[in-house]
Amino acid sequence: MRRLASGMAVVAVMAAAGSAGCAREVLQPVAFNHRLHADNNVPCLTCHPTAATGQGATLPAVSVCRRCHEDVLYEAPEEAKIRLAAESGHALGWVPVFALRPYVYFSHRRHVTLGKVACAACHGDVERRSTPFRMAAGPFSGIRGMGACLRCHDESHSPYAGVDCVDCHR
Amino acid sequence: MARWGMVIDLDRCTGCGACVAACKVENNVQVVSPAEGERGRRMHWLRLLVEARGEYPHVEVRIAPNLCMMCENPPCTKVCPVHATYRGEDGLVGQIYPRCIGCRYCMAACPYSVKAFNWGSPEWPEALLSTLNPDVSMRPKGVVEKCTFCYHRLQLGREKARAEGRPLRESDYQPACVHSCPADAMTFGDLDDALSPAAQLSRSTRATRALEHLGTEPRVFYLEKRDAPL
Amino acid sequence: MRRFEPDSTRDETLFRPIEQTGARFYLTVSVLVAIILFALVMYTRQVVLGLRVTGMMQPVTWGFYIVNFVFFIGISHAGTLISAILRLTQAEWRRPITRMAEVITAIVLAIGALHPILDLGRPDRVMNVFLFGRLQSPLLWDVTSISAYFAASTVYLFLPLIPDIALIRERGKKHRWLYTFMSWGWQGTPEQWKVLTRAINIMMIVVVPIAVSVHTVISYIFAMTLQSGWHSTIFGPYFVVGAIFSGIAALFVAMIAFRSAFRLQAYLKLVHFQQLAKLLLAMSILWTYFTFGEYLTGYYGGEPEEMKTLLYKVAGRYAPLFWTMVVCNFVVPVVLLSSRRLRTIPGILVSSITVLIGMWLERLIIVVPSLENPRMPFPGRIYIPSLTEISLFTGALALFALGFVLFSKFFPIVSVWEVQEGRALGKEETVERVESYLPDDEVSHAGA
Amino acid sequence: MRAPDPHAPSWHPRGIRVLQILSIVLMWAFLGGVVAWMVNVVQLSLSLGDALTVSVGISLVVIPVYTLVAGVLTYVFFGLQRGRRDPES
């Protein structure tokens, strides 16, 4: 069975239109610089380890940051926020920017560990990003709708890249 | 591709309802208030069919778990106006909640009455929230849902087998109802694999299928009671 | 070609309701609007709370909304189908009737088509039908067929309206720009008449098969499933017959209402009613024949699940409704309409109302008992509609009445030019036509 | 709105003309919508291997019916324009 090409395109367009309208601009608690970390050879999985083992790639808790930022590395005010949060015992409060809708099932483990899909394939060039994400999770924000999934799932002939609706919508 | 199917031995079934409970918990099936339940809005993906046959004093009570029959020729998928219910690549009948418009035509067309409709928004008591299965979505109000043969378990099984670099084994994939049956009345497996217990039981002379005359070709077999009057 | 000039100064009675607005009009409209607003509130509540505000449940997943859908679409057949048949057969008595029949179709079709949306659990996803539609589903057959019928019957209502719109424009008493716009430059020249007559002739032929297809595919919603009481081959024609039957009854009610409200006694005479009543009588008998055939085959076959539903209808819980339906659809119309003495306007009104009730019951008896008796045993449930469903039903009826009242405020409810044409040419044409039927006499035959 | 002289235009004739043309364009836009819908549905059934013959068959009936209705309407519209006594007014 081959998949819904045109219908999906329509939905993707509508979703794009919807996300443009719905995504709200937010301020991340820390002006996190992905580029700086990547350049210092910190791979994605260091801070988002569940991407390899679980369903979701979670946002790091303060304790994860503190593994490196226990002591003062830079005289940067952003780094100070981490120490402050750790001392006060408050969570950092990252605002998720890649959020799945509740009716979509996506396993990071299945893609990252089993499928050997690079993070950038879906998340884009995060490694080259020096400013924090500004848009909060709206419908399909960040991920470019179901069309983005189908780009791999339609063309890859791997027996595991299923294109059955119930694979993701169950 | 495996042809997943189920055999339910009515001789072993005690009607304890473990499968019903297991199904509800596994699949986050909405729990409705007693008042709504009285109004006929109880939701089940699997329910116990209690049927009294014959006339007094020759009465026989037949209890059978009733779930989606995963028909090879499903009457429900034919009538869906929007591709929300369809027969997937595994031959299992799927229901796609984000697509469903809630017209309930599939429910009207299903001769087994196994589809359930979300008459209202699901309301979960605080205490139950932590018991929800993260592998299965919570359906919004206004869509039709039904048994999936615990499709998420098939996916988890496949994933496990792949991680271990071996083919999928029957033990990797058992629906929650089969898993929970204390009387061992339910057998699940590949009906095309001659060695699988499910396939062997489905070829038993006691094996029947519900409403066979309709030509829906269900994948759920019932083994009639041995002492059942004809 | 013989032509006549419609006269905007004659038939004042037909123009009066458009140009004079009385207190009664405002009263009617405000009552109807109030009923509709209440229904709207109830529907909003349903959208917010979900379908649990209705009386539907497992396994009776279709109730009033689908019943009313079938009922309203059925009535729509009044309209265009009857008007087209009467035009096709050149029935001279059609002239004051056709317009009303066509209006019924256009209004009731729009209301009926709304009902499946009322029934949806997710009305916000109704666009999925267009984005991801599946022509294998009988529901999509309905969407295509009903929208085609709506388009065709609206055109069929509009075309014969053009000369009348021009007449109102000439009178120039009201919204001149509206009537100028809608009359499309009509001046009544011979070429324009030729074009219009040809178009009406095409449309009246086109509209008949479309109308038949509409109710056929509505019956297929049920007949295509395997449910007992639904899975029947005669459902297509059975539904079409029922549709025309209820359509004529609705037409009668509208005719009688407008006759007394607008004082149209001079236009809608007893003879018009009696001619159409014969058609109603014929449809009553045809409907009874179909019902008999449908139930006898089910009964004689005696398939257990079929029998369960059948007995539930005729001797079980639905028996009172079933036999009321038989009385309403067969006994009352046959008694009242077959005797010349009883075929009066009150008699026709009574039988039309009973037919409407009976046909509504027929739709109910088709939809609900089959669902209350699924093939697999299900703890017995009885469908009782909730206030939401009842108020939406009354709302739909009020919307129908409002549509009719508003139409009659803008356009003549009796086709002025057709009545005048009948006066000017009808007699002559009929004589000519009848003469053409008669055997030629020996002399002229020999001469030819 | 009520002009004393019934022949005096109470609305700019060109505005009405535009509205009339718009109404006929609307009918064709509707037809276009139906055709697009049918094409989409047939395409879907093709990509899903889902009752293609039925879909093509139904669309082959539906599209001509709509075209006919739109055609009749257009025929009347232009027929009435051509048949006017004073075409320029």
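The values are calculated or read from the model by the stated rules, or taken from the named source; none is laboratory data. Nothing here was measured: the structure is a model prediction, and the numbers come from that model. Virtual Cβ from ideal backbone geometry, glycine too; neighbours counted across all protein chains shown. The protein model used for the area step is the full one, side chains on, heavy atoms only, and it has no ligands, DNA or RNA in it. Shrake-Rupley method; radii C 1.70, N 1.55, O 1.52, S 1.80 Å.
For segment B:21-40, give me each residue that is within 25 Å of B:ALA185 (Cα to Cα) and surrounded by 20 or more Cβ atoms within 10 Å (Cβ to Cβ).
B:CYS23, B:GLU26, B:ASN27, B:ASN28, B:VAL29
Can you tell me how many residues within segment C:364-396 are without any contact (Cβ under 8 Å) to a residue 40 or more places away in the chain and under 27 Å from the mean Cα position of the chain (by Cα)?
Selection size over segment C:364-396: 0.
Which numbered condition trips up B:GLU51, out of (1) surrounded by 15 or more Cβ atoms within 10 Å (Cβ to Cβ); (2) facing chain C (nearest Cβ under 10 Å); (3) among the acidic types (Asp, Glu)?
Of everything listed in (1) surrounded by 15 or more Cβ atoms within 10 Å (Cβ to Cβ); (2) facing chain C (nearest Cβ under 10 Å); (3) among the acidic types (Asp, Glu), B:GLU51 misses just condition (1).
Can C:VAL212 be described as open to solvent by less than 40 Å² (accessible area, probe 1.4 Å), assigned to a helix (DSSP H, G or I) and more than 10 Å from every other protein chain (Cβ to nearest Cβ)?
No, not satisfied.
Test of understanding: among A:LEU84, A:LEU92, A:LEU73, which residue is surrounded by 16 or more Cβ atoms within 10 Å (Cβ to Cβ) and over 29 Å from A:ALA148 (Cα atoms)?
After applying the criteria, what remains is A:LEU92.
Condition test on C:THR154, is it among the hydroxyl-bearing types (Ser, Thr, Tyr) and either within 11 Å of chain B (Cβ to nearest Cβ) or open to solvent by 30 Å² or more (accessible area, probe 1.4 Å) (or both)?
Yes; evaluated as a whole, the condition is true for this residue.
Taking the condition of a type outside the set (Phe, Trp, Tyr), more than 29 Å from B:PRO134 (Cα to Cα) and modelled with pLDDT of 90 or more, does B:CYS13 pass?
Answer is yes for this residue.
Residues of segment C:184-209 being touching a Pro at 6+ places or on another chain (Cβ under 8 Å) and more than 8 Å from chain D (Cβ to nearest Cβ), which ones?
If the condition is that a residue be touching a Pro at 6+ places or on another chain (Cβ under 8 Å) and more than 8 Å from chain D (Cβ to nearest Cβ), then C:GLY188, C:ILE200 are the ones that fit.
Look through B:MET43, B:MET69 and report the one residue that is over 25 Å from C:LEU51 (Cα atoms), away from chain A (no Cβ under 14 Å) and open to solvent by less than 10 Å² (accessible area, probe 1.4 Å).
Answer to the selection: B:MET69.
Just one of (1) under 23 Å from the mean Cα position of the chain (by Cα); (2) modelled with pLDDT under 90 trips up D:PRO6, so point out which.
All conditions pass for D:PRO6, except number (1).
If C:ARG263 passes every condition in (1) closer than 14 Å to C:ARG343 by Cβ; (2) in contact (Cβ under 8 Å) with a residue 40 or more places away in the chain; (3) open to solvent by 50 Å² or more (accessible area, probe 1.4 Å) but one, which one does it miss?
The one condition C:ARG263 does not meet is (1).
Could you go through segment C:169-176 and let me know if any residue there is at the interface with another protein chain (Cβ under 7 Å from one of its Cβ atoms), without any contact (Cβ under 8 Å) to a residue 40 or more places away in the chain and either more than 30 Å from D:VAL18 (Cβ to Cβ) or part of a helix (DSSP H, G or I) (or both).
Scanning segment C:169-176, I find at least one residue that is at the interface with another protein chain (Cβ under 7 Å from one of its Cβ atoms), without any contact (Cβ under 8 Å) to a residue 40 or more places away in the chain and either more than 30 Å from D:VAL18 (Cβ to Cβ) or part of a helix (DSSP H, G or I) (or both), so the answer is yes.
Checking the condition free of Cβ contacts under 8 Å to residues at least 12 places away in the same chain and more than 8 Å from chain C (Cβ to nearest Cβ), which residue from D:LEU48, D:LEU19, D:LEU68, D:LEU31 passes?
D:LEU48
Please work out which one of (1) in contact with a Cys (Cβ under 9 Å, 6 or more places away or on another chain); (2) open to solvent by 10 Å² or more (accessible area, probe 1.4 Å); (3) among the acidic types (Asp, Glu) is the condition C:ASP119 fails and give its number.
Single failed check for C:ASP119: (2).
Scan D:VAL76, D:VAL56, D:VAL39 and give me the residue that is crowded, with 21+ Cβ neighbours inside 10 Å and at pLDDT 90 or above.
Exactly one residue qualifies, and that residue is D:VAL76.
Yes/no per residue for (1) within 15 Å of B:MET1 (Cα to Cα); (2) open to solvent by 70 Å² or more (accessible area, probe 1.4 Å):
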| residue | (1), (2) |
| --- | --- |
| B:MET138 | no, yes |
| B:LYS146 | no, no |
| B:CYS150 | no, no |
| B:LEU154 | yes, no |
| B:SER171 | no, yes |
| B:ASP190 | yes, no |
| B:SER196 | yes, no |
| B:THR205 | no, yes |
| B:ARG219 | yes, no |
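Name, by its number, the condition in (1) out of contact with any helix residue (DSSP H, G or I) (no Cβ under 7 Å at 6 or more places or on another chain); (2) at pLDDT below 90 that does not hold for C:TRP193.
(2)
Pull up segment B:101-153, narrow it to residues that are part of a loop (DSSP other than H, G, I, E, B) and of a type in the set (Phe, Trp, Tyr), then point me to the one that is farthest from the other protein chains (Cβ to nearest Cβ).
Checking each candidate, the answer is B:TRP124.
Filter segment C:281-332 for residues that are under 18 Å from C:ILE234 (Cβ atoms), polar (S, T, N, Q) and under 27 Å from the mean Cα position of the chain (by Cα) and give the result.
C:SER284, C:THR288, C:THR291, C:ASN329 - these are the residues of segment C:281-332 that are under 18 Å from C:ILE234 (Cβ atoms), polar (S, T, N, Q) and under 27 Å from the mean Cα position of the chain (by Cα).
Identify the single condition in (1) open to solvent by less than 40 Å² (accessible area, probe 1.4 Å); (2) assigned to a loop (DSSP other than H, G, I, E, B) that A:GLN55 does not satisfy, given that it satisfies every other one.
Here A:GLN55 meets the rest and fails (1).
For residues in segment C:47-57 being open to solvent by less than 10 Å² (accessible area, probe 1.4 Å) and not aliphatic (A, V, I, L, M), which is farthest from the chain's Cα centre (by Cα)?
C:GLY50
Applying the selection to segment C:348-370, what residues are open to solvent by 10 Å² or more (accessible area, probe 1.4 Å) and either in a loop (DSSP other than H, G, I, E, B) or not β-branched (Val, Ile, Thr) (or both)?
C:LEU349, C:LEU356, C:TRP360, C:LEU361, C:LEU364
Take A:GLY162 and tell me if it is surrounded by 17 or more Cβ atoms within 10 Å (Cβ to Cβ), modelled with pLDDT under 80 and part of a loop (DSSP other than H, G, I, E, B).
For A:GLY162, the condition - surrounded by 17 or more Cβ atoms within 10 Å (Cβ to Cβ), modelled with pLDDT under 80 and part of a loop (DSSP other than H, G, I, E, B) - is not met.
Pick from segment A:68-121 the residues that are charged (D, E, K, R) and part of a helix (DSSP H, G or I): which of them is nearest to the chain's Cα centre (by Cα)?
My answer is A:ARG109.
For segment A:95-109, name all the residues that are open to solvent by 50 Å² or more (accessible area, probe 1.4 Å) and either away from every other protein chain (no Cβ under 12 Å) or free of Cβ contacts under 8 Å to residues at least 12 places away in the same chain (or both).
Passing the criteria: A:PRO96, A:PHE98, A:PRO102.
Anything in segment B:173-188 that is open to solvent by 60 Å² or more (accessible area, probe 1.4 Å) and either in a helix (DSSP H, G or I) or of a type in the set (Phe, Trp, Tyr) (or both)? List them, or say none.
B:HIS179
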